[in-house]
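Down below is the structure, laid out as structure tokens.
The values are calculated or read from the model by the stated rules, or taken from the named source; none is laboratory data. Keep in mind it's a predicted model, so treat the numbers as computed, not measured. Positions of Cβ are backbone-derived with ideal geometry, glycine not excepted, and every protein chain shown enters the neighbour counts.
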Amino acid sequence: MTVLPFDFVPLWTAILGFAVFYYVLFDGFDLGVGIVYGFAPDRAARSLLMNSIAPVWDGNETWLVLGSVGLLAAFPLAFAIILPAVYVPILVMLLALVFRGVAFEFHYRDVEHSTFWDHAFSYGSTLATFAQGIVLGAFIQGFQVDGRHFSGSAFDCFTPFSIVTGVALVFGYGLLGAGWLVMKTEGDLQNWARRLGRYCFVGVLVAIAVVSLWTPLVQPQIGHRWFAWPNVGFLSPVPIVTALLALWEWRSLNNRSEAAPFIGAIGLFLMSYIGIAISLWPMIVPYKFTLWQAASSPSTQAFLLVGTLFLLPVILMYTGWSYWVFRGKVRADIGYH
Amino acid sequence: MSTTAAAFSPLLLSRLQFAWVIAWHILLPAFTIGTASFIALLEGLHLATGRESYFRISAFWTRIFAVAFGMGVVSGVVMPFQFGTNWSRYADATANVLSPLFAYEGIMAFFLESAFLGVLLFGRKLVPRWAHFVAALMVAVGTLFSAFWILAANSWMQTPAGYTVVDGRFFPADWLRIIFNPSFPYRFAHCVVAFYITTGFVVAGVAAYYLRRGRFAEEGRVMLSMTLWLLTVLVPLQIVLGDQHGLNTLQYQPAKLAAIEAHWTTRARMPLTLFAIPDEATATNHDAIEIPDLGSLILTHDPNGTVRGLKEWPRDQWPPVAIPFFAFRIMVGIGLLMLALVATSWWLRARGRLHAPWFLRLCEIVSPLGFFAVLAGWVTTEVGRQPWTVYGLLRTSDSVSPSLTTTDVALSLAGYVIVYLVIYPVGLAMMARIVRRGPIETPSQPVASGLPEGPVRALPILGADKP
């Protein structure tokens, strides 16, 4: 095996970190629209909600595939340990996503059962999000590992902590979805989205506080990282910026801002993401294996990098263009179908 | 462990689950790969001749393609997770070699979806004709690239090459040899042609449906004539390719071939077993119908050739025999039936009676046969690979996630069974509805934010034929 003189791990960490964050933001807001969908006032509003994400949702979901295959390719040991450990939430997520995905069509076409498909869409979105939150909570708590394998039970991942992160993510995606809707709708529906956004925001705030205080308690090494001197000085901007963002988000949910609630929600997600990254760095299988220990061979990483560096920017440019095409408010009089 | 516990082990249930999710998934690429190329061909013909019927047929199949492609995306999202949730030791052992192939498949499928599918589906009025043809061509090429990477990975599991083993894990030594491993060219050709033939029979069946009812007669006539000419080339070609693929299996996976043919004892002048009930316990065939010497002739191209039987290998390296044996016969049987049908079409065409009602009815009946042949072929090659995931190197029993319990996998298998049994019939009903509506112009559909043509959506085109 040729040993390449270059360490690809930081680059792959960046690519995968970006892919996961991209997925969380983009599928996050369209799952979030599904979460608030159940509270929509009437049928016309529900149609408008679906129309606002119909052209983009499946592109967003594709990043889930890229993320999972990317993890397998770049950090296979993490893939092989984490996925069996979160067997049940992954199953729930996949089945919920299937139902939610087909609901986009069947809601319109299967008119006799449109209420059923409405429920499939809203419960499917909520359940998939909750399952992703469970995965996140289980990830932060770490896994029981024997050698190179997960050695616990498929139900270990359900803990009070992971239930809290599950609920937290539902509020979080709900906030993203509400922010998206404030941007894409107008009039009464926009006011409704602001109100739901405020409820979600309160949930998010409580969740961030609970998770931020609980995490250092369940994992003392994380507490040490954040609170020991001099780290507490270097890292203090993270909670400070988060607090400022939260303030801004609350204000923009209460004034006439169009895009600010969505941008603020993105900011809060980014800070939470950075917070988790700081807590766990450099672990990819928390407290067991570092990114470097779990990495695939340099030859593997190099081989895949060639195509990725070429294809990924093209995909991003085209995706950006498609969002540009569908910019502006969703109009009630022009249905997507 | 008791027999019952072994029968419903996490290993067996995981295998059943993988078989279930991939069997349903493979039906979609089997159709979309063929359809994408067919659409590109139609677009090319439309560009070259300017005939409007090509345009209408292309638009019609594009609508059906979009539904199938959408279902392919939904069922495809499930696939990569299986490697982690149920086959974690396989993932750990093979990722350094196989993961880039899977990743390239994913990223290229996504690339084609994001860049060209939108133009194909929604851009007909936005871009010039030639650009639309290029988009169709690129989508077709993209689907072929997807098949390329997945079949490269699958073939590597059958005939591994270009690797080194360190601590029980595979590492890449030569990427070209990994991708172009010994069985890959044969498998790729055999599969792609199988997918083309599958699509061809579907198109012929739909054409016959219109012709029998006197609807869309021009489109029906063009579709039937075109596909029967294509099948005239493809079906005989597939028989040659299948033979070559079989010889490749004989060379690299002789135990699999012995199981396919239910050869127990090594001998010269091996007969060809047309039918039998293979009995693994006694290593014999019951009720065998055989043709003397033909087995040796086919496999070694010499009636005196020696063909190896399963007893050459230790018992714990035997694949199941009955399943590949029967699956192979189903595949070959369907292939011969297809050949007979194509030959009939030459005879009818020569007499100018291609639209004879009984022949049209026959075309309708056989139209889904390709899917059964694809599944039978896939079962033959995958069950024949047992008891290995990486042939001769990594056992299936050493590939499964060690943490799983019977309850875990029973739960997930039940979930996939229920959900797929809801989703697939509904999807099929959607496509049937498009077929019943037929190749007529549909008005341009407005989409969100008021712009009529937009980029990519996998499922949304379902809405395009909304009544």
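Miscellaneous remarks
The rows are residues; the columns are (1) among the aliphatic types (A, V, I, L, M); (2) surrounded by fewer than 24 Cβ atoms within 10 Å (Cβ to Cβ); (3) in contact with a strand residue (DSSP E or B) (Cβ under 9 Å, 6 or more places away or on another chain).
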residue: A:Tyr23; (1), (2), (3): no, yes, no
residue: A:Ala54; (1), (2), (3): yes, no, no
residue: A:Gly59; (1), (2), (3): no, no, no
residue: A:Val65; (1), (2), (3): yes, no, no
residue: A:Gly70; (1), (2), (3): no, no, no
residue: A:Ala85; (1), (2), (3): yes, no, yes
residue: A:Leu95; (1), (2), (3): yes, yes, no
residue: A:Val102; (1), (2), (3): yes, no, no
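Condition check ((1) modelled with pLDDT of 95 or more; (2) among the aliphatic types (A, V, I, L, M); (3) touching a Phe, Trp or Tyr at 6+ places or on another chain (Cβ under 9 Å)) across all residues:
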position: B:Ala173; (1), (2), (3): no, yes, yes
position: B:Ile178; (1), (2), (3): yes, yes, yes
position: B:Ala189; (1), (2), (3): yes, yes, no
position: B:Val193; (1), (2), (3): yes, yes, no
position: B:Ile197; (1), (2), (3): yes, yes, no
position: B:Val202; (1), (2), (3): yes, yes, yes
position: B:Ala208; (1), (2), (3): no, yes, yes
position: B:Ala217; (1), (2), (3): no, yes, yes
position: B:Gly220; (1), (2), (3): no, no, yes
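- Subset of region A:143-152 (residues that are assigned to a loop (DSSP other than H, G, I, E, B), under 26 Å from the mean Cα position of the chain (by Cα) and surrounded by 18 or more Cβ atoms within 10 Å (Cβ to Cβ)): A:Phe143
- B:Phe275 aromatic (Phe, Trp, Tyr), surrounded by fewer than 19 Cβ atoms within 10 Å (Cβ to Cβ) and out of contact with any Pro (no Cβ under 9 Å at 6 or more places or on another chain): yes
- Pick from region B:396-426, criterion among the small types (Gly, Ala, Ser) and more than 8 Å from chain A (Cβ to nearest Cβ), ranking: surrounded by the fewest Cβ atoms within 10 Å (Cβ to Cβ): B:Ala414
- Any chance A:Ile284 is among the β-branched types (Val, Ile, Thr), in contact with a Phe, Trp or Tyr (Cβ under 6 Å, 6 or more places away or on another chain), modelled with pLDDT of 85 or more and surrounded by 15 or more Cβ atoms within 10 Å (Cβ to Cβ): yes
- Of the residues in region A:108-124, at least one is surrounded by fewer than 24 Cβ atoms within 10 Å (Cβ to Cβ), among the acidic types (Asp, Glu), over 23 Å from B:Gly84 (Cβ atoms) and facing chain B (nearest Cβ under 10 Å).
- Screening region B:131-185 for residues that are free of Cβ contacts under 8 Å to residues at least 12 places away in the same chain and in contact with a strand residue (DSSP E or B) (Cβ under 7 Å, 6 or more places away or on another chain) and picking the one that is surrounded by the fewest Cβ atoms within 10 Å (Cβ to Cβ) gives B:Thr164.
- Residues considered: B:Val134, B:Val78, B:Val127. Of these, the only one that is more than 8 Å from chain A (Cβ to nearest Cβ), part of a helix (DSSP H, G or I) and within 27 Å of B:Ala36 (Cβ to Cβ) is B:Val134.
- Taken over region A:31-66, the residue count meeting the criterion of being assigned to a loop (DSSP other than H, G, I, E, B) and either closer than 12 Å to A:Ala193 by Cα or among the hydroxyl-bearing types (Ser, Thr, Tyr) (or both) is 3.
- Flag for A:Val69 being among the β-branched types (Val, Ile, Thr), in a helix (DSSP H, G or I) and more than 7 Å from chain B (Cβ to nearest Cβ): no
- Applying the condition of being of a type in the set (Gly, Ala, Ser) and either over 12 Å from B:His263 (Cβ atoms) or part of a helix (DSSP H, G or I) (or both) to region B:299-334 and asking which residue is nearest to the chain's Cα centre (by Cα) yields B:Ala327.
- Scanning region B:142-174 for residues that are of a type in the set (Ser, Thr, Tyr) and away from chain A (no Cβ under 11 Å) yields B:Thr143, B:Ser146, B:Ser155, B:Thr159.
- Residue list for region A:308-332, restricted to those being surrounded by 15 or more Cβ atoms within 10 Å (Cβ to Cβ), within 7 Å of another protein chain (Cβ to nearest Cβ), modelled with pLDDT under 90 and closer than 24 Å to A:Ile15 by Cα: A:Leu311, A:Ile315, A:Tyr318, A:Thr319, A:Ser322
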